[in-house]
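A short write-up of the structure that comes next.
The values are calculated or read from the model by the stated rules, or taken from the named source; none is laboratory data. Computed from a predicted model, the values in this text were never measured in an experiment. Neighbour counts are summed over all protein chains in view; Cβ atoms, including those assigned to glycine, are modelled from backbone coordinates with ideal geometry. To get the accessible areas, we keep the full protein, side chains included, count just its heavy atoms, and leave off ligands, DNA and RNA. Shrake-Rupley method; radii C 1.70, N 1.55, O 1.52, S 1.80 Å.
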Amino acid sequence: MYQSFGNDDMDDIISTTQTVNYDSKMHAAVDSQISGSFSILIRQVERCFVRINSIRCENLMSQKTLPSSAAIVFEIPPCFLLAGEEICRDYMCNALSKTIIDSWIQVLILPKICKEAIELGKTSHGFLVEAQVEAVKETYINDVVDFNDYDSEGQRIPTKPDCPICLLEFGQSTSTIITKLRCCDHCYHGDCILTWLRRNHSCPICRDDIHNPRPNKFIPKV
Ligand SMILES: [Zn+2]
Ligand SMILES: [Zn+2]
């Protein structure tokens, strides 16, 4: 069983899609108690895309896999398992909220594990579900930046040696992708400008409005 489901959060500049791929295996429990246990292993992946809407194009800018934690185990006592959908759901919601699982992942996996628990609770006397969850967060920067501009020798040449946001030299940071704002051609690390654009719709250096750049602007030589 492999299922995907998710949430969307749309903004004009930064949009985010959160999805969860859920895969599980059921084992009959060793003891004869009518209780259910879940062992959940979560792998988190973050991807960032630069999107050009006019030509319906999306380019992967960066991808990282977060270190996965140990499997998270919790048990549903028989009284909750057999008490009906609503009570079982409340119990599991509460149990999940006490784990270190990110809340958006909890929201997405809760209906899935509830359904599984209730169905298994009806037919089997004790079970252990081993679930593997791949939680994917995809962020899109829409129509405002370019990245991967190379010169004739295949070298990327930013206008300044370092990123104006984090002040680290381009190439000497864990974020190696360099992006250029289209409104003014100022360059930043991909991760740095992404964080900035979540809160501001302007260029950090020249304050040009991302959507309405000044037509005859003076861009200081750098
Ligand atoms: Zn930076
Ligand atoms: Zn600028």
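Numerical summary
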quantity: Region 26-86 - Rg and Dmax from Cα coordinates, angstrom; calculated: 20.6, 61
quantity: Given Lys25/Lys98; Lys25/Lys122; Lys64/Lys137, the pairs whose alpha carbons are separated by over 20 Å; calculated: Lys25/Lys98
quantity: Directionally averaged projected area (convex hull, Cα atoms, region 2-139), nm²; calculated: 9.4 nm²
quantity: Extension reserve of the Lys122-Arg182 stretch, reckoned as 0.36 nm per residue once the Cα distance is removed; calculated: 15.8 nm
quantity: Full-stretch length increase - Thr17, Asn212 - with 0.36 nm per residue and alpha-carbon distance subtracted; calculated: 67.6 nm
quantity: Per residue value of the accessible surface for region 2-139 (all protein chains in place, 1.4 Å probe), Å²; calculated: 55 Å²
quantity: Extension gain, Met26 back to Cys93 (0.36 nm per residue minus Cα-Cα distance, nm); calculated: 22.1 nm
quantity: For Met26, net neighbour charge (Lys/Arg +1, Asp/Glu -1) across residues whose Cβ lies under 12 Å away; calculated: -3
quantity: Of all accessible heavy-atom area on region 2-139, the percent that carbon and sulfur account for (1.4 Å); calculated: 51 percent
quantity: For peptides 56-69, 118-131, sequence by mean Cβ density within 10 Å, most packed first; calculated: 118-131, 56-69
quantity: Using a Förster distance of 25 Å, the FRET efficiency for Trp104-Val73 (Cβ separation, nearest 0.05); calculated: 0.75
quantity: Around Ala83: net Lys/Arg minus Asp/Glu count, Cβ-Cβ under 11 Å; calculated: -2
